[in-house]
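Structure first, commentary second.
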Amino acid sequence: MIVTNLPAIGRKINKRADRLRFQPLEVFVIHAVTDTYNPEAYLREDWMQTEIFVQTIKRLKRDYTFIPLTEAYGHLKHDWLRRRRYAVLTCDDGFASVQGILPFLESEKVPITLFINPRYLDGKSRREGYAPSVEYLTEAQLAGLTSHLVSIGMHGYEHLDATKQSEEEFGRSVTLCTEMLGKHPRYIPYFAYTWGRNNATTERVLKRMGVVPVLCDGASNYHYRGAISRRLLPEEENK
Ligand SMILES: [Zn+2]
């Protein structure tokens with residue numbers, strides 16, 4: 001018997017049509033950015049050297065116009081044709097190091113969305129199993145980030161795998177995020193999955209709560225199809 005997977009074929013056709021109509025919209029993710037690497041503070045895959053970061057952004061600005069995540073969502077949702085190439089910068093985990101790159105981003109007029117775990121804003125709580133000497137943004141520091149170039153999204157109450165949580169646990173985590181981050185003037189109802197892990201349950205919860213899901217699937221965006229794709233910011237060689 002030949003089983004035809006019609007939804008899969010439909011998705012393929014949609015994807016092809018998207019590529020004809022739209023330039024790719026890239027959403028990049030970074031974690032920690034510091035001058036020197038401290039293995040006691042960050043995992044290597046979560047770290048980028050400041051100068052490399054600066055050169056990478058300057059390089060990408062030649063090809064892309066950097067816009068806020070909310071504006072990108074509007075393009076993905078409503079554009080009928082898109083010839084301009086847009087990019088978005090996001091930063092996960094709420095490491096305090098992000099404060100060091102904000103003046104550069106301000107000078108370059110590059111917006112950034114920070115995906116925060118509110119649990120670690122108390123100045124003492126630490127993510128389980130992560131480097132012991134890592135510094136997170138504190139509540140006061142986060143409250144001070146009011147630039148129109150900064151927006152604040154959610155990354156789970158704690159940095160846990162959402163696919164290992166029950167529907168109730170994940171729902172509680174998102175509710176705590178909206179309660180604790182929702183009062184920030186730059187809050188946006190977007191949720192970046194930890195390690196990009198999601199499933200039908202997490203999707204259902206975010207949909208019910210009116211929150212936009214943000215993945216880490218290494219893909220480019222063409223048109224909005226239920227979530228925003230992201231990939232790691234590529235490391236340009238510092239020549
Ligand atoms: Zn993370």
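The values are calculated or read from the model by the stated rules, or taken from the named source; none is laboratory data. Note that the structure is predicted; figures quoted are calculated from it, not measured. Quick reminder, even Gly has a Cβ in these numbers, built from the backbone with ideal geometry, and neighbours come from all protein chains shown.
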Inset, instruction - Keeping to region 66-83, report how many residues are at pLDDT below 95 and either out of contact with any helix residue (DSSP H, G or I) (no Cβ under 9 Å at 6 or more places or on another chain) or on the phi > 0 side of the Ramachandran plot (or both). - result: 1
Inset, instruction - Output the number of the condition that Leu25 fails; it satisfies all remaining conditions of (1) buried (at least 18 other Cβ atoms within 10 Å of the Cβ); (2) free of Cβ contacts under 8 Å to residues at least 12 places away in the same chain. - result: (2)
Inset, instruction - Determine, yes or no, whether Glu45 is assigned to a helix (DSSP H, G or I), among the charged types (D, E, K, R) and modelled with pLDDT of 95 or more. - result: no
